[in-house]
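Here is the structure we will look at, set down as structure tokens.
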Amino acid sequence: MRGALSGLGRFAARQPLGAVGAVLVLILIATAMLAPRLAPHGPKEAAFAPYLPPSAEFPLGTDQIGRDVLSRVIWGARLSLYVGLASVVFGVTLGWLWGVVSAYVGGVADTASQRVVDALMALPPIILALSLMAALGQSVNNVILALTILLTPTASRTLRSLALSIRESPYVEAARAVGCPTWRVIALHVLPNTFATYIVLVTVNVSYAIVVEASLSFLGLGAPPDEPSWGAMLTAGTQAMEPAPWMFMFPGLAISLTVFGLNLLGDAVRDLTDPHLRGGLG
Amino acid sequence: MRALPSVRSALALACVIVLEAAGAAAQEKPRYGGVLTWFDYGDPGRLDVHAESPLVVQQATAGVYSGLIQYDPDDPSKIVPDLAERWTVSPDGRTYTFHLRKGVKWHDGQPFSAADVKASFDRILNPDFKSPKCGAALKPMVASVEAIGPSTVQFRLKFAAAPFLGNVASSWCRVAAKHILEKYGDLNTPEAQIGTGPFRFKRYERGNLIEWEKNKDYFVRGLPYLDGVRQYILVGGPTQLAAAKAGRIMLWDAWPPMKRTQAEELQRARTDVDIYQASINTIFLLYMNAQKPPFGNPDLRRAVSLALDRQELVAKALEGAGVPCALLDPKLVGDFALPLEEVQKLPGCRQPKDADLAEAKKLVEKHHPSGLDIEVAVRTVGNYVDRAQLVLAQLRKVGIRASLKSYESAAGYAAFGKGDFTLIAAQDRSMDTPDPESLFSVIYSTNAGSNYGRWSDPKVDELAERALKEPSRDKRKQLYWELQRHIFAGAPAAVPVAWVEGWFFRDRKVMGYKPALTTYDNNTFMKVWLRE
Amino acid sequence: MRYVARRLLLFVPTLLGASILIFVLLRLVPGDIAEILVYQTGSEASVIQQRQIGQIRAELGLDRPVAVQYVEWLGAAVRGDFGRSYMQQRPVADILRERVPRSLELALLTITLAFLWAVPLGVVSAVRQNTWADYLVRVLSISGLSLPIFFTGVLVLYLLVRLFGWLPPLEFVSFTVSPLENLKQLIWPALVQAYYISAPITRLTRSQLLEVVRQDYVRTARAKGLGERRVVYRHALANSLLPVVTFAGWWGGRLLGGIVIVEIIFSVPGMGSALAAAVAQRDYPTVQAMVFVMALVFLTLNLLVDLLYAWLDPRIKYT
């Protein structure tokens, strides 16, 4: 316990901004998990007067059909976290498997699958997401599916290059010289060595996923509009920007703080685990 | 509902001022000159007034064309001459003869004649031509159109149809030029916008604006007063409101109407405008699918109708601007509508709702003792989703647990058209003419195009048909009353929630403008002038 | 040389692949133009509606197998004929000609502003590493990344309207008509976008500069006795800008296609907003052509940047 605490202390000292990020992320997770207890009202309860400004009774005001904005922002944390984590874990994991297998199988299969990746990446992401949502229909799970499809290609590209460079490393060459079968090489050498990158990709992409989900809601094709999605709240808030600025400001701040914290944390993790990927705080 | 008391009374005062100003203005002499500015809520894209149906197309082209007859710009409930200077009806009510004005020229200088009228209506009435507005209204009643000489046109009807004149007066039934139709094939392009109306089509910048300029050779001497009309294409409420507040648009009499909050904001920002509440001839409906369980069962349809709190929906979703419960709105169709006092005492509509809710619960329990789980569809357009939320909460009170399935606009129409839904929480429908028959031919008849729930009641079809063909106005009224009462007593798949109203504004400079009874008419501005 | 040939060869299949993907995806979306045109009024009897839907589909060739439709589209596209927009009844090429310059202008403005702002900041941050200036710049960058672009856009719009009584432009004025008016309209969306992309540019400049400064050849230059500033600016900056250029190439590709959300918020009638509207209206030819152009631009820019990279720094090995 003391060792863990002092470890955390060292982390905070080496990466002060990362520590700030970690705190923000912890707040997000806590809010999401404790939503039913924390939120004073349900997220879809349209029981109050509309367009009420922030007050003691409704600290963040009410929206256009009389729902408590504070409750919706709190429940929104749960939705964003769920969508963000699920889509990124699926997307990066799929990308990981795809990239590593592609790197090792090599040959035509590798070239072909990488062309598919290229083609997917050439499409403007918002349009791809928009069309996917239009085709799949609006539901939270479909948002996760669409985001997964969006995230997989880039993840596979990054992990494939990493897998290729590992393939050239002495350990792997030695293992193959000794006659180790490919699958064992992958399982014992490649996967563990790509794990750090995997973690970094996950932390970096969660904020991207949250923002894309909010953008989809902004364009009307995100999660069903009655769900407390921060993006949908932002969109509804833009319609009443002047009389009720609280409607767009608070969800927007919520998204920004979440993404801010995740970015800080992600950068810190990247600096610590993989100095080769330093593009960040250095 | 929170509204600053001062603003609310200002709104009420504004209504009074409009009436007084209208009276006072009747004495003032019209002034020539100036350009009227207003807006279009979307980009029309296709401009063919015969083939298209969105209001944006009507707005973009209204002043360019003339019809045979029109709704009077000074009194929109009356029908007055346009290209036809007079008309006669045969004693059996099946032949209408229109005598056309002479000496009228198209905007490109070509002479106008009866051949143009025949070409336009032949096109509209062609069974293979998609004309969802004028065509859909006239095809069931018109047998043929003939040009008798250069200045006379005769319509032969299949039966004596009372709504015929009202339909021909609609701004969707405009007269286009034969030589233009032959040259371009359709009226979709800006080049094909050659009409006989008070304004010429000047330019169309896609996504930006549409502009008309004065037709100096308009066949009514002395008109129009304006030099031109400019409509900006403004997408989105905030942009439209910002333009209104900045004085860049003079008029908001289109769809979508302002919300109460926007009207209040505008009143605070500008004291030189009149804000008024008006009907947009649109009915807010809830649909159930009568071909599938559970709503194939009339008991459950009745339960939903009893559970629905229409007054709450009007208060919250329409911000108080609406006429709840009515199948026909007296403000729009006059005495063809059942009196509101009678309608608002009917089960489903009466307040307080305790008795109705109890009965609804019993009906649901009878068939689904442990409650009913359904999926409710809604298109993510306007505030339909907000309305759906309120409906969901109301249904929950009687044991119907609903989850929301939202559709993007196009996908929603596709699903509804195919009958791919259980319950549609909110879907509006605008009427094209102020005649009561349109509601029944479009929504309640068995084969009606917007009868998404595929509900069929032979008595409704029979009464609607008789009312359509009945020449005597009194007898028609009796038939429509019987029809409305019959529908209310039954378990229709389309439940009328309210007739929708909204807030509009007009700059005090704008004179001579009277909104029509439908959103589609009276956008020609032929008698509008600007005060200085 | 082999590398260049390989990259060029792979360009065409990738572009084709992207166009096939969107072609198929569009047809998986429920509701086509025929259904939209007919169902949105719902005035005519349902029997008539079904007939009309069939008619429209036959007219537009939507009743043929997807593969046939694609091949026909491709054949025409290669000749520069992108077909006619379903919604606007005019050649898609005309729509492209109208919209592309606007998105292009916005993109150029954005990139210029972003670089003018971001690169000097990155240099300052690297040169004064771990001082207050450095921390300030790093926080600014991260916040730029974290504020989602639509939130920044809405916030800017709100402040403009509230504080300055600003009005979104009612009429888009092109550069050729009035440069001043045009810039006044585009400056706000450009600033919002520039702020967003400047963050990674700053960070990248900073980290590359830091890394390169420690490299051998810089040490050598220092040993030669060149002044500190010359060392930094000539050797380090030039080399460290390579990844930044790659990054800009990637972003440029995306920007040239037009960022949908910014265009919608600031009423800029560019490619992005036209594309979103076309998807909603199931205007297949327009969507297909615009995505094709966007993919083409994106892939071309990436190719150019990769080639530039390979030419400038032959030490980099490509698998």
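Note on the stretch A:133-276: Cα-only Rg and Dmax are 20.6, 73 Å.
What helices in chain C pass both tests, a Cα length along the helix axis of 30 Å or more and a mean Kyte hydropathy of -1.0 or higher, using whole DSSP H runs? Going by DSSP H runs, the hits are C:2-28, C:92-127, C:179-213, C:284-312. Inter-part distance, the stretch B:221-274 to the stretch A:184-202, computed on C-alpha centroids, equals 61 Å. Taking each of B:Lys158/B:Lys405; B:Lys118/B:Lys459; B:Lys331/B:Lys405; B:Lys105/B:Lys245; B:Lys316/B:Lys405; B:Lys405/B:Lys469 in turn, the alpha-carbon distance tops 32 angstrom for B:Lys158/B:Lys405; B:Lys118/B:Lys459; B:Lys331/B:Lys405; B:Lys105/B:Lys245; B:Lys405/B:Lys469. Were the residues from B:Gln478 through B:Gln291 laid out at 0.36 nm apart, the gain over their Cα-Cα distance would be 64.2 nm. Dividing the alpha-carbon radius of gyration of the stretch A:146-211 by the rule-of-thumb value 2.2 N^0.38 Å gives 1.33. With each label modelled as a point 7 angstrom along the Cα→C-beta vector, the A:Ala187-C:Phe164 pair spans 6.4 nm. Taking the centroid of alpha carbons for each part, the stretch C:145-198 and the stretch C:266-300 are 21 Å apart. Kirkwood analysis of the stretch A:180-229, using all unique Cα-Cα pairs, places the hydrodynamic radius at 13.5 Å. Each helix, a run of at least 4 DSSP H residues, gives -39500 (n - 2.57); summed and divided by the residues of chain B, these come to -9000 deg cm²/dmol at 222 nm. Taken along its principal axes, the alpha carbon cloud of chain C reaches lengths of 87, 58, 34 Å, longest axis first. Along the charge dipole of the stretch C:15-78, which of C:Val47, C:Gly75, C:Leu16 sits closest to the positive end, that is, farthest toward it, with unit charges on the beta carbon of Lys, Arg, Asp and Glu (+1, +1, -1, -1)? The Cα lying farthest towards the positive end belongs to C:Leu16. Projected onto its three principal axes, the C-alpha set of the stretch B:357-512 covers 53, 47, 32 Å, listed from the longest axis down. Computed on the stretch B:60-208, the Cα convex hull volume stands at 121 Å³ per residue. Averaged over the residues of peptide A:217-225, the number of Cβ atoms from other protein chains lying within 10 Å of each residue's Cβ is 6. Note on chain C: helix-only mean residue ellipticity at 222 nm, from DSSP H runs of 4+ residues weighted -39500 (n - 2.57) and normalised by residue number, equals -25000 deg cm²/dmol. If a/c stays under 1.5 just call it rounded; otherwise compare a/b with b/c (prolate if a/b is bigger, oblate if not). Do that for the stretch A:26-117, with a ≥ b ≥ c from the square roots of the Cα gyration tensor eigenvalues. Verdict is prolate for the stretch A:26-117.
Once R0 is set to 51 Å, what does the formula 1/(1 + (r/R0)^6) return for the Cβ-Cβ distance between B:Arg531 and C:Leu8, expressed as a FRET efficiency to the nearest 0.05? Working from the Cβ atoms, E equals 0.15. For the peptides C:37-47, C:261-271, the ranking by mean Cβ contacts within 10 Å, running from highest to lowest, is C:261-271, C:37-47. Out of every Cα pair in chain B, what percent are spaced more than 33 Å from each other? That fraction is 43 percent. Normalising by residue count, the stretch C:15-78 has a Cα convex hull of 88 Å³ per residue. Computed from backbone phi, the HN-Hα couplings of the stretch B:208-216 come to 10, 7, 10, 10, 10, 10, 4, 8, 5 Hz, rounded to whole numbers (Karplus: 6.51 cos²θ - 1.76 cosθ + 1.60, θ = phi - 60°; Gly and Pro given as x).
Arranged from fewest to most other beta-carbon atoms within 10 Å of their beta carbon, B:Asp521, B:Asp373 become B:Asp373, B:Asp521.
Fewest neighbouring Cβ atoms within 10 Å first, the residues B:Asp272, B:Asp507 line up as B:Asp272, B:Asp507.
Report the Rg/Rh value for the stretch B:290-339, based on alpha-carbon coordinates and the Kirkwood definition of Rh. In the stretch B:290-339, Rg relative to Rh is 1.10.
Shielding value for B:174-187 is 0, the average number of Cβ atoms from other chains within 10 Å of each residue's Cβ.
For the stretch C:143-188, the share of alpha carbon pairs falling in successive 10 Å distance bins from zero is 25, 42, 29, 5 percent. The alpha carbon centroids of the stretch A:47-78 and the stretch B:486-525 are separated by 33 Å. Across all directions, the average projected area of the convex hull around the alpha carbons of chain A is 18.1 nm². The fraction of all Cα pairs in the stretch C:99-174 landing in successive 5 Å bins from 0 to the largest distance is 3, 12, 13, 18, 20, 15, 10, 6, 3, 1, given as whole percents.
When the Cα positions of C:Val287, B:Pro434, C:Ala58 are compared along the charge dipole of the protein assembly as shown, C:Val287 comes out farthest toward the positive end, with charges on each C-beta of Lys, Arg, Asp and Glu.
Summing charges over neighbours of B:Asp48, with a neighbour being any other residue whose Cβ is under 12 Å away from its Cβ, gives +3 when K and R count +1 and D and E count -1.
In terms of overall dimensions, the C-alpha atoms belonging to the protein assembly as shown reach 109, 70, 60 Å along their principal axes, ordered largest to smallest.
Taking 7 Å steps out from each Cα toward its Cβ at A:Ala47 and A:Arg115 produces label points 6.1 nm apart. Between the beta carbons of C:Leu308 and C:Leu108, assuming R0 = 22 Å, the FRET efficiency works out to 0.75 to the nearest 0.05.
Packing-based ranking of B:117-125, B:338-346 yields B:117-125, B:338-346, ordered from highest to lowest mean Cβ neighbour count within 10 Å.
Placing unit charges on each Cβ (+1 for Lys and Arg, -1 for Asp and Glu) gives the protein assembly as shown a dipole about its Cα centre, and among B:Phe155, C:Gly272, C:Val38 the Cα reaching farthest toward its positive end belongs to C:Gly272. For the stretch B:23-123, the percent of C-alpha pairs falling in each 5 Å distance bin, counted from 0 to the bin holding the largest distance, reads 2, 9, 13, 17, 21, 18, 11, 7, 3, 0.
In sequence order, the stretch A:147-159 has phi-based couplings of 5, 4, 4, 5, 8, 4, x, 5, 4, 5, 4, 4, 6 Hz under the Karplus curve 6.51 cos²θ - 1.76 cosθ + 1.60, θ = phi - 60°, and Gly or Pro positions carry x.
The helix-only estimate of mean residue ellipticity at 222 nm for chain A, built from DSSP H runs of length n ≥ 4 each weighted as -39500 (n - 2.57), is -24500 deg cm²/dmol after division by the residue total.
Take the Cα of B:Ile148, step 7 Å toward its Cβ, do the same at B:Arg350, and the gap between the two points is 5.6 nm. If you take all other residues with their beta carbon under 11 Å from the beta carbon of B:Lys477, and give Lys and Arg +1 and Asp and Glu -1, the sum is -1.
Read-outs throughout are calculated quantities, based only on the coordinates presented, and are distinct from any laboratory measurement. Worth saying up front: this structure is predicted, and the values here are computed from it rather than measured. As a convention, Cβ positions derive from the backbone with ideal geometry for all residues, glycine included, and neighbour counts pool all protein chains shown.
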